[in-house]
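Here's the structure, in structure tokens; my notes come after.
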Amino acid sequence: MPISNFFHDRLTALLDYVESRNHWNGPGRELGRQTFQQNLAQPGFDPENNCWLLEDGGKVKGFCLVNREPPINRAVLQMDVDPSSAGSTEEKELLRLAVDSCSRWGAQVAHICQSADSPRNALLGSLGFSHVRTYTVMDWQGETLPDVPAAQGFQVTPFSEGDHALLTQVQNDAFGGSWGFCPNTVDQIKYRIAMADTSTGGILFLRNGEKTAGHCWTCISPIPAGIRGAIGMIGVVPEYRGQGISSSILSAGMRYLKSIDVQEIGLEVDSSNTPAIRLYTSVGFRKVADLHWFELELSRFDNSR
């Protein structure tokens, strides 16, 4: 099966493949296709040089994307291959091409996230990747929202037009120094907010008078049964940590998602972040899976493997 760089005349074929692999239907179908297409068009991505397709008889059978993050010298790979090609030499070549690209543009590390039981994990090991982080996937499927008292002296307000710089600053302050976080620019935030899976009503600030203490960014994604809500990011700036206010902004995000009638609410959290897991568990989230992050130090990448 040939491997080629993505070109825009292959967009429909790629979207058809992604849709079929995720079993999107109903209201989630258009959301999924639109969001994937918007990810390809994000500023600075350049899909023709950062996306490779595995094809068979004119049909897409797999892909690999490379998201470049120059501020932290990192590349993040996103990959999917049809099960009929799992473990094949073509799958290995697809991954090798992507990693070689990361190395050539100067990234120091490449990361890729897989389910804990993915058959691709062995292939990653053969190319020099090592498991460096585990994330826990959690779901909330309750009928009644938890009764969380508001944090005294704080107010929750939604994103307003013109808050792009504020959101950028709060997010960078809340997550600066966290593993895998790449600081955002205002232009990147503007683009992200305009995507199909995000609504400004679902981006919430926790304020203390004139100061902003934290934020919650919710989003939606397609699932076979419909639409799934997600707590995409929730963060508190350093000045306000340790005051027990995270539950207020989390509760506000959950209320918003319930108001748009999602089937369930999910999130991902670093498995080593015990306080966050304790918070999510306290409002009814339950663990459903583990994700493994793999890392390759590109200075050690052997292109002949």
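The values are calculated or read from the model by the stated rules, or taken from the named source; none is laboratory data. All values reported here derive from a predicted model rather than from experimental measurement. Cβ atoms come from the backbone with ideal geometry, glycine included; neighbour counts cover every protein chain shown. With ligands, DNA and RNA removed, areas are computed over all heavy atoms of the protein, side chains included. Shrake-Rupley method; radii C 1.70, N 1.55, O 1.52, S 1.80 Å.
Name the single residue, out of those in region 273-305 being part of a helix (DSSP H, G or I) and β-branched (Val, Ile, Thr), that is surrounded by the most Cβ atoms within 10 Å (Cβ to Cβ).
So in region 273-305, the residues part of a helix (DSSP H, G or I) come out as 274-282, 298-300.
Restricting the remaining residues to those that are β-branched (Val, Ile, Thr) gives 274, 277, 281.
On the way: 274: 10, 277: 17, 281: 12.
Out of the qualifying residues, it is 277.
Tally up the residues in region 38-61 that are touching a residue at least 60 places away in the same chain (Cβ under 8 Å) and β-branched (Val, Ile, Thr), please.
Number of matching residues: 0.
Restricting the search to region 1-36, which residues are among the aromatic types (Phe, Trp, Tyr) and under 19 Å from the mean Cα position of the chain (by Cα)? Don't jump to the end; show me each part of the working.
Of all residues in region 1-36, those among the aromatic types (Phe, Trp, Tyr) come to 6-7, 17, 24, 36.
Once the filter is applied, which keeps residues that are among the aromatic types (Phe, Trp, Tyr) and under 19 Å from the mean Cα position of the chain (by Cα), region 1-36 yields 24, 36.
Out of the residues in region 1-17 meeting the condition of being exposed (fewer than 14 other Cβ atoms within 10 Å of the Cβ) and hydroxyl-bearing (Ser, Thr, Tyr), tell me which one is farthest from residue 53 (Cα to Cα).
Among those residues, the one meeting the criterion is 12.
Taking region 231-272, which residues are part of a helix (DSSP H, G or I), closer than 22 Å to residue 288 by Cα and of a type in the set (D, E, K, R)?
Selection gives 255, 258.
I'd like the residue in region 257-267 that is under 20 Å from the mean Cα position of the chain (by Cα) and open to solvent by 20 Å² or more (accessible area, probe 1.4 Å) and, out of all such residues, is modelled with the highest pLDDT. Lay out the reasoning, then the answer.
At the first step, the residues of region 257-267 found to be under 20 Å from the mean Cα position of the chain (by Cα) are 257, 262-267.
Adding the requirement that they be open to solvent by 20 Å² or more (accessible area, probe 1.4 Å) leaves 263-264.
Working: 263: 86, 264: 93.
Only one residue fits best here, namely 264.
Which count do you get for residues in region 163-183 that are under 21 Å from residue 252 (Cα atoms) and either in a loop (DSSP other than H, G, I, E, B) or among the acidic types (Asp, Glu) (or both)?
Residues in region 163-183 being under 21 Å from residue 252 (Cα atoms) and either in a loop (DSSP other than H, G, I, E, B) or among the acidic types (Asp, Glu) (or both): 2 in total.
If the Cβ limit is 6 Å and pairs must be 6+ apart or interchain, which residue in region 236-262 that is in contact (Cβ under 8 Å) with a residue 24 or more places away in the chain and polar (S, T, N, Q) pairs with which residue that is surrounded by 13 or more Cβ atoms within 10 Å (Cβ to Cβ) and not in a helix (DSSP H, G or I)?
246/236; 247/148; 248/150; 248/151; 251/148
Give just the number: which of (1) open to solvent by 50 Å² or more (accessible area, probe 1.4 Å); (2) closer than 25 Å to residue 198 by Cβ does residue 74 not satisfy?
Failing condition for residue 74: (1).
How many residues are open to solvent by 40 Å² or more (accessible area, probe 1.4 Å) and in contact with a helix residue (DSSP H, G or I) (Cβ under 6 Å, 6 or more places away or on another chain) if we restrict to region 43-55? Break it down stepwise before answering.
Taking region 43-55 as the starting set, the residues that turn out to be open to solvent by 40 Å² or more (accessible area, probe 1.4 Å) are 43-44, 46, 48-49.
In the following step, the residues that additionally are in contact with a helix residue (DSSP H, G or I) (Cβ under 6 Å, 6 or more places away or on another chain) were identified as 43.
So the answer is 1.
Out of 226, 244, report the one residue that is surrounded by fewer than 20 Cβ atoms within 10 Å (Cβ to Cβ), of a type outside the set (A, V, I, L, M, F, W, C) and more than 28 Å from residue 26 (Cβ to Cβ). Spell out how you get there, then give the answer.
Working: 226 fails: more than 28 Å from residue 26 (Cβ to Cβ).
On inspection, the qualifying residue turns out to be 244.
So, in region 156-177, of the ones that are under 24 Å from residue 77 (Cα atoms) and in contact (Cβ under 8 Å) with a residue 60 or more places away in the chain, which residue ends up surrounded by the most Cβ atoms within 10 Å (Cβ to Cβ)?
That would be 171.
Can you list residue pairs whose Cβ atoms sit under 7 Å apart, with the first residue in region 82-105 being within 22 Å of residue 15 (Cβ to Cβ) and open to solvent by less than 50 Å² (accessible area, probe 1.4 Å) and the second being part of a helix (DSSP H, G or I) and among the polar types (S, T, N, Q)? Count only pairs 6 or more apart in sequence or on different chains.
Final answer for the pair search is 91/85.
Listed residues 109, 99; which is of a type in the set (A, V, I, L, M) and more than 19 Å from the chain's Cα centre (by Cα)? Don't jump to the end; show me each part of the working.
Details: 109 fails: more than 19 Å from the chain's Cα centre (by Cα).
Going through 109, 99 in turn, just one is of a type in the set (A, V, I, L, M) and more than 19 Å from the chain's Cα centre (by Cα): 99.
Given (1) of a type in the set (D, E, K, R); (2) surrounded by fewer than 19 Cβ atoms within 10 Å (Cβ to Cβ); (3) at pLDDT 95 or above; (4) over 19 Å from residue 175 (Cβ atoms), identify the lone condition not met by residue 270.
(4)
Out of region 131-155, which residues are part of a strand (DSSP E or B) and open to solvent by less than 60 Å² (accessible area, probe 1.4 Å)? If you could, list the steps in order and put the result at the bottom.
Initially, region 131-155 is screened for residues part of a strand (DSSP E or B), giving 131-140, 155.
Listed by number, the residues that qualify are 132, 134, 135, 136, 137, 138, 139, 140.
Report, ordered by the first and then the second residue, all pairs with beta carbons closer than 7 Å, sequence separation of six or more or different chains, a first member in region 18-37 that is within 20 Å of residue 52 (Cβ to Cβ), and a second member that is open to solvent by 80 Å² or more (accessible area, probe 1.4 Å) and in a helix (DSSP H, G or I).
19/29
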